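Below: the structure, in C-alpha cells.
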Amino acid sequence: MYQVVHGLSGVLIGSQTNNPVIAFILGVVSHFILDAIPHDSLEIHNWQDNGRGEKMKKFVLEASLDLFLFLSIILILIYTDKLKINMPVVAGVTGTLLPDYVWAVAELFKIKNTVTDKYKQFHNWVHGIFYKPVYLPGKYVIPIQLGGVIFFILLYLLL
Ligand SMILES: [Zn+2]
C-alpha cells in the first residue's frame, strides 16, 4: 500500500494501545498484511520503469508525494483537535512505515547483501500472495488505496 494508508493504520494502532512497543510490532505486522492486498499501479510502474534510468528519481518523487499526503492528513487531524501525537502513535506509524523504508534505503544507497536480498524477496513475495502479477490498472488501484485511506480515518475517528 501507499505510505498514506500504512501511516493511517499506524495512527489507528497507536491510538488503540498505550504501549509503544506493542504499537510498533503491530504496525510492522499490519504493514505486511496490507501489502498482501493487491494495490500497485500498473501505470505508475510503467511510467517509472521506462528504461531511461529515471526509475529511482521517479520513485523518490512518488514516495515524497505520498508522504506529503500522509503528513497533510496528520496536520489536519491535529489542527481539528482529532489527534494528539504521543509515543504509541509515533511508534505505530514508525512500525507501519519502516518496512518500506528499509528496502527503499537499501535500494537508494545500493546496499546489497544476503539480508537485504532475503528481505526484498520476502517483501515482494507478500505483494504477490493474492495476485501474482502484482500490478493492477488504476481503475482498481485508486478505489483500493482511497478505500484504505477512508477506512482507517473513519475507524480512527469512530473508535
Ligand atoms: Zn511494503
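The values are calculated or read from the model by the stated rules, or taken from the named source; none is laboratory data. Keep in mind the model is a prediction, meaning the values are calculated, not measured. Counting neighbours? That spans all protein chains shown, and the Cβs are built from the backbone with ideal geometry, glycine included. When the accessible area is computed, the model is the full protein with side chains, heavy atoms only, and any ligands, DNA or RNA have been set aside. Shrake-Rupley method; radii C 1.70, N 1.55, O 1.52, S 1.80 Å.
Restricting the calculation to Cα atoms, the chain yields a radius of gyration followed by a Dmax of 15.9, 48 Å. Relative to the dominant Cα principal axis of the chain, helix 87-108 is inclined by about 10°. Computed from Cα positions, the angle between helix 3-15 and the longest principal axis of the chain comes to roughly 30 degrees. Looking at the stretch 86-121, the chymotrypsin sites (Phe, Trp or Tyr not before Pro) that sit in a DSSP loop and have at most 11 other Cβ atoms within 10 Å of their own Cβ are 109.
Which one, 148, 53, 95, has the greatest fluctuation when you compute a Gaussian network model over the chain with C-alpha springs under 10 angstrom? Highest fluctuation of the listed residues: 53.
Per residue, how much accessible area does the chain show when a 1.4 Å probe rolls over the protein heavy atoms, in square angstrom? Intermediate values should be presented prior to the final figure.
Working: 9550 Å² over 159 residues.
Counting only protein heavy atoms, the per-residue value for the chain is 60 Å².
Global dimensions of the stretch 1-49 from alpha-carbon coordinates: Rg and Dmax equal 13.4, 42 Å. For the chain, the carbon plus sulfur part of the accessible surface works out to 72%, probe radius 1.4 Å.
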